[in-house]
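Working notes, beginning with the structure itself.
Each reported figure results from applying straightforward, stated rules to the coordinates on display, with no laboratory input. Just so it is clear, the model here is predicted, and its values are computed rather than measured. Cβ: placed from backbone, ideal geometry, glycine included. Neighbour counts: every protein chain shown.
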Amino acid sequence: MKYWLALLFLLFAVSAEAATTYWASPSGGAGTCAAASGTSDPGTYRTFAQGLACMAAGDTLMLKDGTYTTAWDINGKNGTASAYYTIRAATIGTGITRTRGVVLKVTAVLPMMQVQNSSYVEIRGIKFDASLMGTGGLPTDSGAAIYLLDNDNHIRFADNEIVDSPRAGLTMSRSDNGFVEGNHEIQNNWIHNIGLGSNPAMTHGIYVKLSTTLVEGNRIEDVAGWGIHAYNNGAVTSDSIFRYNLIKNAGTSAQARGGGILDFDSTGTLIYGNIFINIPTWALDIEQSANNVKVINNTFYNNAVAIYLGPIAGTQIINNILSTNTTQFSNNGSTGTTTTNNLCSPAACGFGTSNQNDASAAVTFNNAAGEDFSLKTGSTALSTGADVHTNLNCVSASTCLDYAGHVRPQGAGWDIGAYEFISGSLPVVTITGPTSSPTYSTSLSTITLSGTSSLP
């Protein structure tokens, strides 16, 4: 036994030491793979394509700041769950809408980056500026800045920005050869100004055609088509999770072929903890024989239609806030729908009897106009939600989280909407004295301030 443990430890150590970090820059090309490697900046860089060719499973390609002008093709890179191919900006800041230093900006037909025949690949911290795409001609009704193509699985696309695409932002397609595809993670990206071309078809922020896809923590705004479009593409699309996304001003095309989220003919999709704002069409549209979809703890604010159900079965609509929407709910043939513990204002929900009305958004949210949909002290949404930990497959007060990452529940019960109320919030303090710029001697050990405070 000791021999086998020692051998396993040795194999793990050799594997860990084998992982290499390579460096690339827009002006790279000199030197060898070895010269452009190291845990710190070696001062010698490869081009993106050269650096990619250097990599093996578990390696990292660090990208120096600057604008890369040649399209990227990531093909045949197959890592493992413990050894991803990692392609990332060397410097990664904070904030989803921050300025990113690594920019891919290509003058060509779409796409500007494609991943194919690959698995366990992570792409992080990059701005994909598609404003020059399409100069070589655009497809009639398709195309995207980013493609995850046939035979891909376990692609993690995180902390990136996609902007100014004349067609879709990110599209996932599938093949029909039986290859296991999906299990992608699309996390914490800023996707905006999508669908600037003249044809609004297929101009979605994220187009999901695969099963078990996680779309999480993204900010998707100013999109001609759907913010997120899930479509089965002739095969079963099941068990995807769309959570903690903010979708704003999607569905802006004159032909009205878009909205917030369209879940089309899928099975078991979880739509949880999202915020939908200013959607001029349908914030959430579940259509075409979709079944067993869960719509839980979302916030819908100032949309034309908050929730639309087509001829579908078994939908659960629980713990949602529908506020200031022109139409709260529209049902066109759904069956077996569960609606409970939702909060609607000022108009009634229009579905079920186990739901509530509140006076207005002003008594529910701290600052809806400023996109702060956290709950006010005294809101009707506090502790009046249903316990949905079983529906979410999480552990209450442990792994069940809200939009901001807080554990649920915090109070006597689950709150309604995307946010869980956090008690004991720090007060807002307004200093009223001294009113000018006084000068104090250094002998003073105490300075007295006067003012007022109130809970947010």
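Some notes on this structure:
- Cross-link pairs exceeding 18 Å between alpha carbons, from the set K64/K105; K105/K127; K248/K376: K248/K376.
- Extending 7 Å from the Cα toward the beta-carbon at both S131 and A313 defines two label points whose distance is 5.0 nm.
- Dimensionless Rg ratio for region 17-431, taking C-alpha atoms and the 2.2 N^0.38 Å reference: 1.01
- Residue order, fewest to most surrounding Cβ atoms within 10 angstrom, among W23, W190: W190, W23
- For region 13-155, the antiparallel share of DSSP beta bridges with both residues in that region comes to about 5%.
- Amide proton proximity set for N355, modelled H, under 5 Å, gap of 5+: N341
- Taking only the alpha carbons of region 231-308, we obtain Rg and Dmax values of 12.1, 35 Å in that order.
- Environment charge of G273, counting only residues whose C-beta is closer than 13 Å and scoring Lys/Arg +1, Asp/Glu -1: -1
- Taking amide hydrogens as placed 1.01 Å from N in the peptide plane, the amide H of S374 sits under 5 Å from those of N366, N367, each at least 5 positions away in sequence or on another chain.
- Computed lengthening from N331 to I96, 0.36 nm per intervening residue step minus Cα-Cα distance: 81.1 nm
- Simple spin-label estimate for Q288 and A18 in nanometres, 7 Å along Cα-Cβ: 4.5
- Full extension of the segment from T70 to T399, taken as 0.36 nm per residue of separation minus the current Cα-Cα distance, would add 114.2 nm.
- Inter-part distance, region 27-90 to region 382-427, computed on C-alpha centroids, equals 41 Å.
- The Cα atoms of region 49-107 give a gyration tensor whose axes a ≥ b ≥ c have a/c of 1.5 or more with a/b no greater than b/c, which makes the shape oblate.
- Ranked by the mean number of other Cβ atoms within 10 Å per residue, highest first, peptides 302-313, 339-350, 75-86 order as 302-313, 339-350, 75-86.
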